[in-house]
Amino acid sequence: QVQLVESGGGLVQAGGSLRLSCAASGGTLSGYGWFRQAPGKERESVAIIRWSDSRTLYADSVKGRFTISRDYAKNVVVLQMNSLKPEDTAVYYCAGGVWPRVDEYWGQGTQVTVSS
């Protein structure tokens, strides 16, 4: 059974940066992603990555500000978030599955709050 554990959320001022990590155990999946859910809104995909060749896809709202990457040796997926905006405030979830649908397994979520 694959398990995903996120870390790295927190409170940051607008314009700041945060780095989220997702440690995977119990197996390797062909794709991973970061999703987020803000209060009163539906969960949305932020960025996904294909494990074999690091192909990535991003939501338009984060292009140029967020970067998803993977550490092959450590089985970790990272989301580097720069130039954060208050509208990025949400619970961020790591997920994994069969590329390009990476929503089979989920982490517990980590809160990201961006103050203005």
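The sole residue among Leu29, Leu79, Leu84 that is crowded, with 17+ Cβ neighbours inside 10 Å, of a type outside the set (S, T, N, Q) and at pLDDT below 95 is Leu29.
Residues in the stretch 87-103 that are within 26 Å of Gly40 (Cβ to Cβ) and β-branched (Val, Ile, Thr) were compared, and the one that is surrounded by the most Cβ atoms within 10 Å (Cβ to Cβ) is Val102.
Residues are listed down the side, and each one gets a yes or a no for (1) touching a Ser or Thr at 6+ places or on another chain (Cβ under 9 Å); (2) under 22 Å from Ser116 (Cα atoms):
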{"site": "Val2", "(1), (2)": "yes, no"}
{"site": "Gly15", "(1), (2)": "yes, yes"}
{"site": "Gly26", "(1), (2)": "no, no"}
{"site": "Ile48", "(1), (2)": "yes, no"}
{"site": "Asp53", "(1), (2)": "no, no"}
{"site": "Tyr58", "(1), (2)": "yes, no"}
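Taken residue by residue, the stretch 104-111 has at least one member that is within 18 Å of Ser7 (Cβ to Cβ), among the polar types (S, T, N, Q), modelled with pLDDT of 95 or more and buried (at least 19 other Cβ atoms within 10 Å of the Cβ). Filtered by the rule that a residue be open to solvent by less than 30 Å² (accessible area, probe 1.4 Å), small (Gly, Ala, Ser) and assigned to a strand (DSSP E or B), the stretch 11-26 gives a lone residue, Ala24.
The values are calculated or read from the model by the stated rules, or taken from the named source; none is laboratory data. Bear in mind that the values here come from a model prediction, so they are computed numbers and not experimental data. Don't worry about glycine lacking a Cβ; one is built from the backbone with ideal geometry, like all the others, and counts go over all protein chains shown. Side chains included, ligands, DNA and RNA excluded: accessible areas come from the protein's heavy atoms. Shrake-Rupley method; radii C 1.70, N 1.55, O 1.52, S 1.80 Å.
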